[in-house]
Amino acid sequence: MKTIKKYWAIIVGAILAAFGIGIAVNKKLNDKQLAKSDKKIDDNKQQADVISGKVDAIETQKTEVKTDISTLEAEVKTLQDKKQNIKVETPKTTNQVKTNILNKTNNKKKK
């Protein structure tokens, strides 16, 4: 009977050893997976920070463009007002144009 007990003890010990080894290996694998997931989380946080920085830059550009557009609209309105206020001169007669041209050409020759 003692030999049967020894065999049972060896069998139970081998099963417990295999179970312990399985737990140790499983723990190592879980630790590796946790490290990988932690690294992925850190990478995602860094990407989120970069993207939030880009969003902030876009928001500032958006406000700058809005102010530029408002100033351009004001300039367009003033130019349209000036355009409407332009007085059209009546065209000169041919005799007036002729005397004007002759006066200008004569002045240049006299100098």
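A single member of G53, G22 is small (G, A, S), surrounded by 10 or more Cβ atoms within 10 Å (Cβ to Cβ) and at pLDDT below 90, and it is G53.
Being within 26 Å of the chain's Cα centre (by Cα), free of Cβ contacts under 8 Å to residues at least 60 places away in the same chain and surrounded by 10 or more Cβ atoms within 10 Å (Cβ to Cβ) is a description that does not apply to D38. Restricting K82, K87 to residues that are part of a helix (DSSP H, G or I) and loosely packed, with under 10 Cβ neighbours inside 10 Å narrows the list to K82.
The values are calculated or read from the model by the stated rules, or taken from the named source; none is laboratory data. On a predicted model such as this, the values are computed, not experimentally measured, just so you know. When we count neighbours, we look across all protein chains shown, and the Cβ atoms used for this are built from the backbone with ideal geometry, even at glycine.
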